[in-house]
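One structure is given here, and the rest of the page talks about it.
The values are calculated or read from the model by the stated rules, or taken from the named source; none is laboratory data. In this text the structure is predicted, and so the values were computed from the model without any measurement. As a convention, Cβ positions derive from the backbone with ideal geometry for all residues, glycine included, and neighbour counts pool all protein chains shown.
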Amino acid sequence: MSNNSSKPTKVKGMRDFGPKQMARRSYLLSTIKATFTKYGFLPLETPAMENLSVLTGKYGDEGDQLLFKVLNSGDFLAKLDQDPANYTAHTILPKIAEKGLRYDLTVPFARYVVMNRNDLTFPFRRYQIQPVWRADRPQKGRYREFMQCDADVIGTKSLLCEAEIIMMLNEIFNGLELEGYEITINNRQFLTGLSEFLGQPNKESALCVAIDKLEKIGRDKVYEELTIQGFEQSALTKLTPILSIPGDSKAKLAILKKQFSGIASAVTGLKEIQETLDMVEAMSGDLTKVNFDPSLARGLSYYTGTIFEVRMLDGSIGSISGGGRYDDLTGVFGMPDIPGVGISLGIDRIYDVLDKRNLFPPNLEQNTQVLIINFGDENRDFTLSLVKNLRQQNISSELYPDIAKMKKQMTYADKNSIPLVVIAGKQELEEQKVTLKDMFTGNQFASPINEITDTIADYFKR
């Protein structure tokens, strides 16, 4: 006889979120959504599954390997034109799987824009907060399912969008009472000019890939990598003072404008950064958290202008947000030259920072405000009427479902952080006075039975 009572398990790299975690995530996401909405961004959702033809080829060979493929419905082997043993894993895939789980939010967004271009009004602002899936090897901080949170403006080249991203980031983190972060910015045009300045105008990509690892592997290892890529010692000597340039953003810009005055792309990049910061200042935005860093590269090759990264200054975690300007989001789907700029917030990393610093407000998971003690038939009519009246007043209420000892019902209220308990037994009903217990202070007080709903409403207005 087979034993089917084995303990259930979760898929590795997938997580459950209990009421406490969900309440905290809801608080985090509602703070972000409120800011996005204030800046005119509209919500968007795309399906969990996309056609593999939409997803493949957009993330490089490594990304394609990490796509979760979904088997075709029904007898997916019936359409094979030869013995399955004659196929390789690569050749059989198109025959048995036409769909996959989304890998990120950017490619589905690009697909949406192309398919709905005649119905959209440009510039189009959208935010999207949904899970994505990657068939990665699970490890600490890396999951197979995780939430992404993106905001993009497409259809405009205005630097006002970059300035508003800085404003939004400051507003989001201030709303979360998060201190000790830095919004780092740079510009891909400046990096193009930097490559030319170093005498390697055709090696911008290799330069960006290498210096993007500066914080992770250190300068010596970065220089080793650049040497392998053909950068001479003279180029590295010129690079050193650029990567360690002192001063605030204003001072760095002033120095580099003089140093790169003869290199057009660098001049363009530095000018865009200056204009962005000037607009933030004109909107009375906080520039104390903003740092122009000439070494910021971000590895993604599709960025063409200003790039962003938000880091914690204590180095306790990797970047918690990143993004930048791109000129051709939708080109891969046959709709070229649609410029845009966007950011992505690392929800899981921000959650971890807030958790470690005890920045989540207390009792977020509290939902029920009032528990009514169940004494059975002796108070049934009163309690059913009371729970109905309280809910009509939008006061979240529960009548304990079972007839149980008072201690058990009070313990239930305590463990679920229910702040107020209504005790209306036979004696209270005879005296026309209901006893209320504040579970946080332990204080008890009475209310006339005909005023009970108003008394409870007043209690929660304090």
Inset, instruction - Please enumerate the residues belonging to the range 10-55 that are in a helix (DSSP H, G or I), among the small types (Gly, Ala, Ser), under 30 Å from Val114 (Cα atoms) and touching a residue at least 60 places away in the same chain (Cβ under 8 Å). - result: Ala34
Inset, instruction - Would you confirm whether any residue within the range 224-238 is within 25 Å of Thr304 (Cβ to Cβ), under 30 Å from the mean Cα position of the chain (by Cα) and not hydroxyl-bearing (Ser, Thr, Tyr)? - result: no
Inset, instruction - Within the range 340-393, count every residue that is more than 20 Å from Gly141 (Cβ to Cβ), outside the structural domain of Met439 (by TED's automatic domain parsing) and small (Gly, Ala, Ser). - result: 2
Legend entry - Residues located in the range 56-81, provided they are farther than 18 Å from Gly331 by Cβ, touching a residue at least 40 places away in the same chain (Cβ under 8 Å) and among the charged types (D, E, K, R): none
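So which of Thr411, Thr383, Thr441, Thr453 ends up being at pLDDT below 95, of a type in the set (Ser, Thr, Tyr) and exposed (fewer than 13 other Cβ atoms within 10 Å of the Cβ)?
When all the criteria are applied, what remains is Thr441.
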Legend entry - Where a residue in the range 220-246 is of a type in the set (Val, Ile, Thr) and its partner, wherever it lies, is not in a helix (DSSP H, G or I), with Cβ under 8 Å and at least six apart: Val222/Lys213; Ile242/Pro294; Ile242/Ser295; Ile245/Pro294
Inset, instruction - Take Leu52 and decide whether it is surrounded by fewer than 16 Cβ atoms within 10 Å (Cβ to Cβ) and aliphatic (A, V, I, L, M). - result: no
Inset, instruction - Select from the range 299-314 the residues that are touching a helix residue (DSSP H, G or I) at 6+ places or on another chain (Cβ under 8 Å) and either in a loop (DSSP other than H, G, I, E, B) or small (Gly, Ala, Ser) (or both) and list them in ascending order. - result: Gly299, Ser301, Gly305
Inset, instruction - Hey, could you check the range 132-185 for residues that are of a type in the set (A, V, I, L, M) and under 18 Å from Ser249 (Cα atoms) and say which is surrounded by the most Cβ atoms within 10 Å (Cβ to Cβ)? - result: Ile165
Legend entry - Top-ranked residue of the range 315-347 - restricted to ones that are without any contact (Cβ under 8 Å) to a residue 40 or more places away in the chain and outside any loop (DSSP other than H, G, I, E, B), ranked as surrounded by the most Cβ atoms within 10 Å (Cβ to Cβ): Tyr326
Legend entry - Conditions (1) surrounded by fewer than 20 Cβ atoms within 10 Å (Cβ to Cβ); (2) within 32 Å of the chain's Cα centre (by Cα); (3) closer than 22 Å to Ala48 by Cβ: number failed by Ser73: (2)
Inset, instruction - Check off (1) in a loop (DSSP other than H, G, I, E, B); (2) modelled with pLDDT of 90 or more for Lys238 and give me the number that stays unchecked. - result: (1)
Legend entry - Criterion: of a type outside the set (Gly, Ala, Ser) and assigned to a loop (DSSP other than H, G, I, E, B) - qualifying residue of Leu256, Leu296: Leu296
Inset, instruction - Scan Thr276, Thr288 and give me the residue that is buried (at least 16 other Cβ atoms within 10 Å of the Cβ), assigned by TED's automatic domain parsing to the domain that holds Pro241, at pLDDT 90 or above and of a type in the set (Val, Ile, Thr). - result: Thr276
Inset, instruction - Name, by its number, the condition in (1) modelled with pLDDT of 90 or more; (2) assigned to a loop (DSSP other than H, G, I, E, B); (3) closer than 30 Å to Leu159 by Cβ that does not hold for Lys58. - result: (1)
